[in-house]
Amino acid sequence: MPTSLPALAFGGDYNPEQWPAAAHREDRELMREAGVDLVTLAVFSWAWLQPRPGAWEFGWLDEQMDDLHAAGIKVDLATATASPPPWLTHRHPEMLPVTQDGRTLWPGGRQSFCPSSPVYREHALELCTRMAERYHDHPALALWHVSNELGCHNARCYCDTSAAAFRTWLRARYDDDVARLNDAWGTAFWSQRYDDFAQVLPPRVAPTHANPTQQLDFARFSSDQLLDNFVVERDVLHRLSPGVPVTTNFMVMRQTPQMDYLRWGRELDVVSNDHYLIGEEDGGHRELAFSADLTRGTADGRPWLLMEHSTSAVNWQPRNRAKLPGEMIRNSLSHVAHGADAVLFFQWRASRAGAEKFHSGLLPHAGTDTRQWREVVELSRVLDAAEEAAGSTARNQAAILFDYEAWWACELDSHPSIDVRYRDRAEDLHRALSARGVGVDVVHPSTDLSSYRLVVVPTLYLVDDAAVASLTAAAEAGATVVITYFSGIVDESDHIRLGGYPGAFRDLLGVRATEFLPLLSGQSVVVEGLGSDPVTADTWAEDLELAGAEAVATYADGPAAGLPAVTRRAVGEGTAWYVATRLDPAGTDRLVERLVDETGVETLPGAADLVEVTRRVGEDASWLFVINHGEAPAPVDVHGRELVTGRDVAGDLRVPPGGVAVVRESARPAGREA
Ligand code: GLA
């Protein structure tokens, strides 16, 4: 019988094929010492399981599964289809991915396959089937892990096979009617009219800007193809290994917009995510917090698994910063604070050879007499102490709407300004809300918004009518809706919503702009009205007129001098705000301060710019997580039992600099719904 997942799982990728048998024995002893209870096995094992066509060698994996089980360690078993072996690409070079400018991506790295390749799929499904048949009832099996980071290196393939698959996808989208494709793609422009689907290609490198809707549809198609690779393997696993949950690891991070994870999440039994900090960036913990909330959004609010992060440096950034003492534990707890029920790492033992030999692991090259190892053991203790919070989740009153399609469309070429970056506003507003203790759900625009008091809509460039109606209904019913610049500009086909900007949201917001006035590189403008002294803004301005809204803040200079920069309009029982420029951090904080005051949205105790506070709520209890990223002790007015130290607190919790705390609250805080 397969087993269940550990409550708050701890462990990581385990690649025993890289090491001799003596190391395996040591691995299991040290895993026990570190409290590892879940490992991900066989992610890159295809060439070991099927060394040549028709030859299967499962003996070594049988042994690993049995030995891990005997050591009390559960397994997240990969289907091993992530990286095709050399014999396969050698036989079938037509399965290799091709870039936009026609270069073949040759084997020698990993993920050397076109996501639309029937050859790849046939062989991958054979392997997946054999894995499921062999291990479906193994007592160590807790989870199936399809492929690995689908789309990490091959998200968009432009080969002839992809072109044919793209045409099939387009025929389905446009009801086999090329006239509908012509309408959607606006092909009256530049003589692009197609007479037959056979003429349509992926947006390969062209003499100048490719058709934007062609690019957008290709982004949708590419995401769907990769998801399909997951779905076909998942269906095999569901059939042959019923009852065992199936996941694939997402890459919800700023650098990876290619996969529409908010849609993908619906296909997974349990969502898992890989997250890596950009080590050279200040305040990476804020990007981490946003990504973790977005990951919870992909899981529709349910607990999810942190499948990978790093104990210290990675190997793939230009300069790979080692984590500071305590940073790995803070990162780990932060993921848990935002809803993770597992803290796993890439990888168990730092490699000796290969491209990732300088990537940190749970067990470093230098062995166990290291600060890194001691922190690993300490993290395991902290997770054990907090284990009772597993299964609980957030119940927040504020939401940020997020949409991968809007991201793709917003960042296409030939737009008013390359400085409009989609995740930028979302992260900044998330940061400002978090600093005031406002817990935030990051959700797709199709989410039911009726339980939120505050709904923030950053740069939702592309929006459908249903989302506009849902936001309008939320405001009418009493919510405060805040929309930022370059939102509501186009429909799903990337066609302008006519009549003035911000097209889809003009009526809700009571404003109308006739022209964008993007700011130049390095240019900033002064904005007055948000508090007693002025703040600055950059990137964006518009010649905004009021059409029912009041001006809250005004530009003091720049191309929109004297015009409104922030507006507010009463709508039914609620309010709609428009923020027409990119406020600096001080301006964003003032705006958020006012929104928090006006909406009365719940704020958690102790939160500050460098003190992250979240609450997870279970059936009978709630837990307050505090992560102190600062250099001063963090006082928190909370009552209950602090689980990391095992002490009771009565309004007098002080979390040390760089420390973490998890408090089981003694009573449900006043005013919270059951
Ligand atoms: C990804 C992969 C891992 C490893 C790490 C390195 O997350 O899934 O196999 O390459 O990156 O950071």
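The values are calculated or read from the model by the stated rules, or taken from the named source; none is laboratory data. In this text, all values refer to a predicted model and were calculated from it rather than measured experimentally. Please note: Cβ atoms are built from the backbone with ideal geometry, for glycine as well, and neighbour counts cover all protein chains shown.
Things worth noting here:
- Just one of the listed residues (S360, S392, S414) is of a type in the set (S, T, Y), within 23 Å of the chain's Cα centre (by Cα) and surrounded by fewer than 22 Cβ atoms within 10 Å (Cβ to Cβ), namely S392.
- Being within 15 Å of the ligand (Cβ to nearest atom) and in contact with a Cys (Cβ under 8 Å, 6 or more places away or on another chain) holds for only one residue in M259, M251, and it is M251.
- If you go through segment 62-90 and pick out every residue that is without any contact (Cβ under 8 Å) to a residue 60 or more places away in the chain, in contact with a Leu (Cβ under 8 Å, 6 or more places away or on another chain) and more than 15 Å from the ligand (Cβ to nearest atom), you end up with 2.
- Exactly one residue out of R654, R582, R568, R590 is under 17 Å from G437 (Cα atoms), crowded, with 20+ Cβ neighbours inside 10 Å and in contact with a strand residue (DSSP E or B) (Cβ under 6 Å, 6 or more places away or on another chain): that is R590.
- Residues in segment 197-209 that are free of Cβ contacts under 8 Å to residues at least 12 places away in the same chain and in a loop (DSSP other than H, G, I, E, B) were compared, and the one that is nearest to A172 (Cα to Cα) is A206.
- Taking segment 219-230 as the range and being touching a Pro at 6+ places or on another chain (Cβ under 6 Å) and farther than 20 Å from S112 by Cα as the test, no residue passes.
- Filter result (touching a helix residue (DSSP H, G or I) at 6+ places or on another chain (Cβ under 7 Å), within 15 Å of the ligand (Cβ to nearest atom) and in contact (Cβ under 8 Å) with a residue 60 or more places away in the chain) within segment 314-347: H335, V343
- Within segment 338-357, the set of residues being surrounded by 14 or more Cβ atoms within 10 Å (Cβ to Cβ) and farther than 29 Å from G618 by Cβ comprises F346, Q347, W348, R349, A350, S351, E356.
- Meets criteria (crowded, with 16+ Cβ neighbours inside 10 Å, in a helix (DSSP H, G or I) and either free of Cβ contacts under 8 Å to residues at least 40 places away in the same chain or within 16 Å of the ligand (Cβ to nearest atom) (or both)) for A22: no
- Segment 616-641 - residue that is free of Cβ contacts under 8 Å to residues at least 40 places away in the same chain and closer than 10 Å to E665 by Cα and, of those, surrounded by the fewest Cβ atoms within 10 Å (Cβ to Cβ): R641
- Pairs with Cβ under 7 Å, 6+ apart, first in segment 246-264 and among the aromatic types (F, W, Y), second assigned to a loop (DSSP other than H, G, I, E, B) and within 16 Å of the ligand (Cβ to nearest atom): F250/V271; Y261/V252
- Test: residue in segment 297-306 that is surrounded by 20 or more Cβ atoms within 10 Å (Cβ to Cβ) and either within 13 Å of the ligand (Cβ to nearest atom) or of a type in the set (D, E) (or both): yes
- Boolean, R266 is surrounded by fewer than 21 Cβ atoms within 10 Å (Cβ to Cβ) and away from the ligand (no atom under 16 Å from the Cβ): yes
- E602 acidic (D, E) and either in contact (Cβ under 8 Å) with a residue 40 or more places away in the chain or at positive phi (or both): yes
- Filtering segment 532-552 to residues that are among the hydrophobic types (A, V, I, L, M, F, W, C), in a strand (DSSP E or B) and under 11 Å from V566 (Cα atoms) leaves L544, L546, A551, V552.
- Criterion applied to S116, S162, S147 was being at pLDDT 95 or above and within 16 Å of the ligand (Cβ to nearest atom), and the one residue passing it is S147.
- When the residues of segment 510-533 are filtered to those that are among the small types (G, A, S) and surrounded by 13 or more Cβ atoms within 10 Å (Cβ to Cβ), the one that is farthest from G572 (Cα to Cα) is S524.
- Single residue of segment 39-61 satisfying the filter (within 16 Å of the ligand (Cβ to nearest atom) and more than 17 Å from P85 (Cβ to Cβ)) that is surrounded by the fewest Cβ atoms within 10 Å (Cβ to Cβ): L41
- Residue within segment 265-278 that is in a helix (DSSP H, G or I) and farther than 22 Å from P2 by Cα present: yes
- Odd one out for A389, checked against (1) more than 27 Å from S310 (Cβ to Cβ); (2) out of contact with any helix residue (DSSP H, G or I) (no Cβ under 6 Å at 6 or more places or on another chain): (1)
- Taking segment 431-510 and the strands (runs of 3 or more DSSP E) fully enclosed by it, the elements with 2 or more residues that are polar (S, T, N, Q) are at 480-484.
- Residue list for segment 45-81, filter: assigned to a loop (DSSP other than H, G, I, E, B) and not hydroxyl-bearing (S, T, Y): Q50, P51, P53, G54, W56, E57, F58, A71, G72, I73, A80
- Top-ranked residue in segment 208-244 [being of a type in the set (V, I, T) and over 25 Å from the mean Cα position of the chain (by Cα); ranked as nearest to T81 (Cα to Cα)]: V236
- Unique residue being away from the ligand (no atom under 14 Å from the Cβ), surrounded by 15 or more Cβ atoms within 10 Å (Cβ to Cβ) and in a loop (DSSP other than H, G, I, E, B) when the list is T311, T368: T368
- From the list G354, G361, the one residue that fits, being within 16 Å of the ligand (Cβ to nearest atom) and on the phi > 0 side of the Ramachandran plot, is G354.
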